[in-house]
Amino acid sequence: MKKLAAGNWKMNGSMAALAEVDALIAAHPAPACEMLLCPPTPLIAAMAARAEGSALQVGGQDCHQNSSGAHTGDVSAAMLAEAGASHVILGHSERRADHGESSDLVRQKAEAALAAGLIAVVCLGETEAERDAGATLAVIGAQLDASIPAGSTAATVVIAYEPVWAIGTGRTPTLAQIAEVHGFLRARLAGLIGAEAAGLRLLYGGSVKPSNAAEIFALPEVDGALVGGASLKAADFGAIVAALSAA
């Protein structure tokens, strides 16, 4: 599997901002890694149309666990796929915190994503209090066990480790801390899904930017990044793509 540079626009962007997509595609027509941008749902179809035939893939930021029904304001995995998405982010800490999403619900959403033919990007991460209490690996392990669907493979699931306290704060864990968690996740996955674990991509997320990307990508078991704010600008995200391509 190629390494993956994924960008999460969160609740940012506009039709005018899609000019950044054109610039990104022009600057990186054939990167050595995969490129993915996940804009707000109203922008998915327009972004996918602009990205058609390019190296850029487009994803959603969440989906409902059901395929249809009376769920006002929600979007099914099949709807995302029809709009042109190939991936969907699930279990992001902002969803877990702001919407009270449990790991069991994240697993149900991942199952729905896989059934619709989407690649599930499943997010895990500890809070600052959990880190300070020495509970990071216990928290991450429990989230992983309960969040990934049965039958997960390297082709259908991506895991993103994002310490909650590093998201949007400008703070990042030490390189040793990132390496420890990624090594733990690889070993834990081997116990859960067997040989597939060796090829399943593990992304790091949390204040990834051009200035620190190369050193993060040099770590063992880091197969890419889930990028927030730096993915909104072609120059910044492109620099991260270039660093991952060179890793």
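The values are calculated or read from the model by the stated rules, or taken from the named source; none is laboratory data. Source: prediction; values computed, not measured. So basically every Cβ, Gly included, is an ideal-geometry build from the backbone, and we count neighbours across all protein chains shown.
Residue 58 - would you say it is modelled with pLDDT of 95 or more, part of a strand (DSSP E or B) and buried (at least 20 other Cβ atoms within 10 Å of the Cβ)?
Values: modelled with pLDDT of 95 or more: yes; part of a strand (DSSP E or B): yes; buried (at least 20 other Cβ atoms within 10 Å of the Cβ): yes.
So residue 58 passes the test.
Just one of the listed residues (187, 198, 234, 218) is crowded, with 19+ Cβ neighbours inside 10 Å, at negative phi and out of contact with any Cys (no Cβ under 8 Å at 6 or more places or on another chain), namely 234. Is it fair to say residue 26 is under 22 Å from residue 230 (Cα atoms), of a type in the set (Gly, Ala, Ser), free of Cβ contacts under 8 Å to residues at least 40 places away in the same chain and part of a helix (DSSP H, G or I)? So residue 26 passes the test.
In the range 48-61, the residues that are closer than 22 Å to residue 76 by Cα and touching a residue at least 12 places away in the same chain (Cβ under 8 Å) form Cβ pairs under 7 Å with partners that are among the hydroxyl-bearing types (Ser, Thr, Tyr) and surrounded by 15 or more Cβ atoms within 10 Å (Cβ to Cβ), at six or more places apart or across chains, as follows: 57/86; 58/86; 59/86; 60/41.
Where strands (runs of 3 or more DSSP E) sit wholly within the range 134-247, those with at least 3 residues that are touching a Phe, Trp or Tyr at 6+ places or on another chain (Cβ under 9 Å) and in contact (Cβ under 8 Å) with a residue 40 or more places away in the chain occupy 202-205, 224-227. Right, residue 122: closer than 30 Å to residue 54 by Cα and without any contact (Cβ under 8 Å) to a residue 40 or more places away in the chain or not? Yes: the conditions hold for residue 122. The listed residues are 85, 120, and the only one of them that is touching a helix residue (DSSP H, G or I) at 6+ places or on another chain (Cβ under 6 Å), of a type in the set (Gly, Ala, Ser) and in a strand (DSSP E or B) turns out to be 120. Looking at the range 61-82, which of its residues are touching a Leu at 6+ places or on another chain (Cβ under 7 Å) and assigned to a loop (DSSP other than H, G, I, E, B)? Passing the criteria: 62, 63, 65. The residues in the range 228-247 that are under 15 Å from residue 56 (Cα atoms) and within 17 Å of the chain's Cα centre (by Cα) can be counted, and the count is 7.
Against the criterion of being crowded, with 21+ Cβ neighbours inside 10 Å, touching a helix residue (DSSP H, G or I) at 6+ places or on another chain (Cβ under 8 Å), farther than 21 Å from residue 87 by Cβ and β-branched (Val, Ile, Thr), residue 181 qualifies.
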